[in-house]
Amino acid sequence: MSREITVLALVGSLRTASVNRQIAQLAVEAAPVGVSVTIREGLGELPFYNEDLDTPATVPPAVTALRAVAAGADAALVVTPEYNGTIPGVLKNAIDWLSRPFGDGALKGKPLAVIGAALGRYGGVWAHDETRKSFGLAGPRVVEEIKLSVPIGTLGGKHPRDHAQLVSDVRAVIAKLAVEAR
Ligand SMILES: Cc1cc2nc3c(=O)[nH]c(=O)nc-3n(C[C@H](O)[C@H](O)[C@H](O)COP(=O)(O)O)c2cc1C
């Protein structure tokens with residue numbers, strides 16, 4: 001039997017009632033057998049990226065902890081809204097911390113997929129494309145063909161887990177990511 005694949009989920013919204021966190025929670029629940037998804041909270045506790053802080057003697061504990069969980073995961077799933085046509089700052093800041101040490105970041109070479117939801121009619125596709133571009137420079141192996149941008153209005157106020165098609169789509173995303181990680 002093959003070993004369990006672990007997926008680190010990063011959410012680009014800090015809001016308690018975040019639809020994107022709900023989708024990440026759905027990924028936890030809908031992951032196929034043999035795959036576990038863990039949401040990494042606390043991206044808001046990362047200080048703004050600062051090269052002066054990014055030395056062995058001064059790196060902030062929140063960064064060390066994030067890099068450690070990233071290093072321990074087989075793959076990563078990013079679930080993010082769109083803010084003003086692009087990546088929310090909290091997520092971009094996490095990308096910057098994860099991109100260093102240059103050429104040897106904690107997600108180096110690991111498959112990474114970007115999905116999410118936003119209020120606009122295209123479901124945040126600009127932010128998703130920009131997140132793929134940025135992570136593509138930062139070290140992970142972005143799985144470009146995994147795409148899922150959900151216009152929040154299509155959820156009709158219900159939790160994502162109450163939409164059979166979305167459950168199926170999110171399960172397929174995790175399954176594909178696991179194949180890439182094996
Ligand atoms: C600062 C800000 C900027 C936003 N910009 C966009 C945008 O460019 N495109 C979009 O579709 N929605 C935009 N929205 C609406 C978000 O898609 C919506 O608030 C969404 O619910 C946020 O995701 P969350 O539920 O996971 O927090 C913006 C919201 C905020 C607070």
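Okay, residues lined up against (1) away from the ligand (no atom under 16 Å from the Cβ); (2) not small (Gly, Ala, Ser):
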position	(1), (2)
Leu14	no, yes
Ser18	no, no
Gly34	yes, no
Glu51	yes, yes
Asp54	yes, yes
Ala57	yes, no
Ala71	yes, no
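Applying the set (1) free of Cβ contacts under 8 Å to residues at least 12 places away in the same chain; (2) within 16 Å of the ligand (Cβ to nearest atom) to Ala172 leaves exactly one unmet item: (2).
Looking across segment 82-119, just one residue is out of contact with any Asp or Glu (no Cβ under 9 Å at 6 or more places or on another chain), part of a loop (DSSP other than H, G, I, E, B) and within 16 Å of the ligand (Cβ to nearest atom), and that is Asn84.
Only residues that are away from the ligand (no atom under 14 Å from the Cβ) and surrounded by 23 or more Cβ atoms within 10 Å (Cβ to Cβ) were counted across segment 20-30, and they come to 0. Given the criteria more than 12 Å from the ligand (Cβ to nearest atom) and either exposed (fewer than 13 other Cβ atoms within 10 Å of the Cβ) or among the aliphatic types (A, V, I, L, M) (or both), does Ile152 qualify? Spelling it out, it is not the case that Ile152 is more than 12 Å from the ligand (Cβ to nearest atom) and either exposed (fewer than 13 other Cβ atoms within 10 Å of the Cβ) or among the aliphatic types (A, V, I, L, M) (or both). Annotation note: of Leu43, Leu98, the sole residue that is at pLDDT 95 or above and touching a Lys or Arg at 6+ places or on another chain (Cβ under 8 Å) is Leu98. Taking the numbered list (1) outside any loop (DSSP other than H, G, I, E, B); (2) in contact (Cβ under 8 Å) with a residue 12 or more places away in the chain in turn, Tyr122 passes all entries but (1). Pairing residues of segment 1-19 that are under 19 Å from Val179 (Cα atoms) with residues that are of a type outside the set (A, V, I, L, M) and within 16 Å of the ligand (Cβ to nearest atom), at Cβ distances under 6 Å and at least 6 apart in sequence or on separate chains, gives Leu8/Arg40.
Looking at segment 125-149, which of the residues that are outside any helix (DSSP H, G or I) and of a type in the set (A, V, I, L, M, F, W, C) is nearest to the ligand (Cβ to nearest atom)? Here the answer is Leu148. Scanning segment 36-49 for residues that are part of a helix (DSSP H, G or I) and within 16 Å of the ligand (Cβ to nearest atom), we see that the one that is surrounded by the fewest Cβ atoms within 10 Å (Cβ to Cβ) is Gly44. Among the criteria (1) closer than 15 Å to Gly44 by Cα; (2) free of Cβ contacts under 8 Å to residues at least 40 places away in the same chain; (3) hydrophobic (A, V, I, L, M, F, W, C), the one Leu91 does not fulfil is (2).
The values are calculated or read from the model by the stated rules, or taken from the named source; none is laboratory data. Bear in mind the structure is a predicted one, so any value in this text is a computation, not a measurement. Methodologically, a virtual Cβ is constructed for each residue, glycine included, from the backbone with ideal geometry; neighbour enumeration extends over all protein chains shown.
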